[in-house]
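Following: one structure in structure tokens, then a few remarks.
No value in this document is a laboratory result; all are computed from the given coordinates. Since the model is a prediction, treat every value here as computed from it, not as a measurement. Every residue, glycine as well, gets a Cβ built from its backbone with ideal geometry; the counts of neighbours run over all protein chains shown.
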Amino acid sequence: MLFGPTIAGSLPKPGWLAETGKLWPRWRLEGEDLDRAKRDAALIWIKEQEDAGIETVSDGEQFRTHFVHGFLETVQGIDWSLKTRMGIRDNRYFVDVPTVTGKPRRSRPVHRDEAAFCRLHTRNGLKFTLPGPMTICDTLADGHFGRRADMAMAFAEILNEEALELEAEGVDTIQFDEPAFNVFTDDVREWGIAALERAARGLRCATAVHICYGYGIEANVKWKETLGAEWRQYEAIFPAINGSSIRQVSLECANSRVPISLIELLPDKELLVGAIDVASNTVETAEEVAATIAEASRHADAARIFPCTNCGMAPLSRDVASGKLRALGAGAALARARRGS
Ligand code: ZN
């Protein structure tokens with residue numbers, strides 16, 4: 001489908017599943033009740049995405065509290081009680097993070113059963129998101145490796161094991177979330193892309209990397225104010241990403257100071273163009289979404305453009321997120337109609 005929409009990943013959790021409006025919410029239930037509630041929430045969002053015309057849907061990350069730690073919870077080699085205060089994303093904010101004390105190993109498949117459940121309940125394309133190796137390294141303290149590049153490669157190996165299992169369950173797109181790519185642009189070229197390709201090794205399904213300016217939380221809003229009139233971080237990394245084996249790049253455009261012309265640096269990639277602002281509670285109109293798609297079409301072939309959200313919608317209210325899903329689907333349909341196909 002021309003301009004077939006998808007989403008970056010997360011959606012808000014219903015109030016009966018977890019605390020709302022938080023990036024690190026607590027679950028409201030436990031044990032089997034919690035497992036069932038997570039599946040129920042994923043079903044609701046799959047249905048809402050389908051009804052909104054989203055071509056490639058996700059579980060909305062209903063199965064994990066945080067996009068990085070949710071994957072790492074059952075991974076061995078991390079001491080969760082040994083907290084280290086660390087500046088994340090180049091000291092944009094400070095968090096007490098768990099510490100890596102040995103080589104990481106998966107104690108069990110993390111998201112396999114969840115992916116199988118979602119596959120059973122949609123005929124649309126299915127996307128599953130995983131944290132990228134560099135972003136993992138920027139969210140854990142290193143008490144073992146000594147070099148971030150080595151730590152990233154070790155996590156890339158277990159991400160790859162996980163990704164291959166997700167693919168085997170019928171997942172169509174595996175996306176690695178790398179918000180850290182916009183911060184450590186030299187490291188991206190030196191080892192970040194190599195780690196990403198290691199994580200994606202052997203996958204035949206679509207692979208994507210999501211690089212954004214983050215959720216609309218206060219620390220990010222303040223950081224963005226320091227970035228000047230034009231945000232050109234993508235310029236430093238897109239040429240190298242274009243040379244990589246990753247098929248799709250999910251990037252931020254809507255209401256952002258990213259010059260959309262930077263997508264010209266990705267001539268060989270499919271582009272998940274952010275047409276929904278996740279840092280605002282204002283629901284876009286279909287017209288606004290179509291305008292973002294049209295603007296992107298001036299810099300890349302239409303066939304490579306897939307409208308998307310700028311980032312995850314986890315911190316928004318359910319109603320706002322639902323409205324934005326419908327705007328995304330309607331805007332894509334409008335853009336498609338205008339191209340006469
Ligand atoms: Zn993001």
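A few comments on the model shown:
- Only one of A275, A240, A229, A254 that is part of a helix (DSSP H, G or I) and on the phi < 0 side of the Ramachandran plot: A240
- Qualifying residue in segment 208-223 (condition: without any contact (Cβ under 8 Å) to a residue 12 or more places away in the chain and not basic (K, R)): yes
- Any hit, segment 157-177, residues being under 19 Å from T99 (Cβ atoms) and either more than 16 Å from the ligand (Cβ to nearest atom) or not in a strand (DSSP E or B) (or both): yes
- Taken as a whole, the condition of being in contact (Cβ under 8 Å) with a residue 24 or more places away in the chain, on the phi < 0 side of the Ramachandran plot and crowded, with 24+ Cβ neighbours inside 10 Å applies to K324.
- Residue that is surrounded by the most Cβ atoms within 10 Å (Cβ to Cβ) [pool: residues in segment 193-219 that are closer than 16 Å to S250 by Cβ, among the small types (G, A, S) and within 16 Å of the ligand (Cβ to nearest atom)]: A208
- Pair list, Cβ under 6 Å, 6 or more apart: segment 275-291 residue touching a residue at least 12 places away in the same chain (Cβ under 8 Å) and within 16 Å of the ligand (Cβ to nearest atom), other residue of a type in the set (D, E, K, R) and in a helix (DSSP H, G or I): I276/K324
- The one condition in (1) in contact with a Cys (Cβ under 6 Å, 6 or more places away or on another chain); (2) within 16 Å of the ligand (Cβ to nearest atom) that P315 fails to fulfil: (1)
- Exactly one residue out of V57, V95, V100 is closer than 21 Å to D172 by Cβ, assigned to a strand (DSSP E or B) and either in contact with a Pro (Cβ under 8 Å, 6 or more places away or on another chain) or not basic (K, R) (or both), and it is V57.
- The set of residues from segment 110-142 being touching a helix residue (DSSP H, G or I) at 6+ places or on another chain (Cβ under 8 Å), under 16 Å from I44 (Cα atoms) and outside any strand (DSSP E or B) comprises E114, A115, F117, C118, H121, T122, N124.
- Among the candidates R257, R336, R232, R247, the residue that is away from the ligand (no atom under 15 Å from the Cβ), surrounded by fewer than 24 Cβ atoms within 10 Å (Cβ to Cβ) and touching a residue at least 60 places away in the same chain (Cβ under 8 Å) is uniquely R336.
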